[in-house]
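Here's the structure we're looking at; comments come further down.
Read-outs throughout are calculated quantities, based only on the coordinates presented, and are distinct from any laboratory measurement. Predicted, not measured: the structure shown is a model, and the values here were computed from it. Methodologically, a virtual Cβ is constructed for each residue, glycine included, from the backbone with ideal geometry; neighbour enumeration extends over all protein chains shown.
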Amino acid sequence: MTNEEARLFLLEMFTSLFDPREEPQVDRFMTEDYTQLVDGKLLDRAGFLQHLQTVREAITAVEFQFEELVADENMIAERHLIMATKTDLTTMSAEVIALHHLRDGRVSRIVELTRLVSGSEADKDLGSRT
């Protein structure tokens, strides 16, 4: 996978999963045994699905901006910014550094660190909130 293919894959995946205007396509992008370690909190697939629901209920719009990305056939390493509008019309942004482990064209595991850049301190855990 080229870096540009990886960027497009992640953009499509993030939009599908987190944009509340889109239908989430979890099976298309995540393996059945998917896990995510984010800020020290381990989420299995069921926990991730709960996280998706929580985030989708908290925001009305979201944008992603990739700052750095490198990819090969089995992994994508990247840093991106998330800019979101919440249901109360306040905004927040966060920086994410992530390793996406791939298997058979889908993500099997993500190891991720997040940092709130702007917004309410109450949103500091939005990257792992369930």
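Would you compute, from DSSP H runs of 4+ residues alone, the mean residue ellipticity of the chain at 222 nm, taking -39500 (n - 2.57) per run and dividing by the full residue count, rounded to the nearest 500?
Details: 3 runs with 34 residues, N = 130.
Per the formula, -8000 deg cm²/dmol.
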Among (i) 40, 29, 29; (ii) 53, 29, 27; (iii) 70, 36, 26, which one is Cα extents along the principal axes in Å computed from these coordinates? (i)
Compare the Cα positions of F9, H101, Q53 along the charge dipole of the chain (+1 at Cβ of Lys, Arg; -1 at Cβ of Asp, Glu; about the Cα centre) and return the one farthest towards the positive end. Q53
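Using the Cα centre of the chain as the reference point, and only Cβ charges (+1 on K/R, -1 on D/E), how large is the resulting charge dipole? Debye, rounded to the nearest 20. Could the numbers behind the result be given before it?
Values: 14 positive and 25 negative charges, 61 e Å.
In total the dipole reaches around 300 debye.
Give the percent of DSSP beta bridges with both residues in the chain that are antiparallel, rounded to the nearest 5.
The antiparallel proportion sits near 90 percent.
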Show the residues, 5+ positions off or on another chain, whose built amide H is closer than 5 Å to the amide H of M75. L102
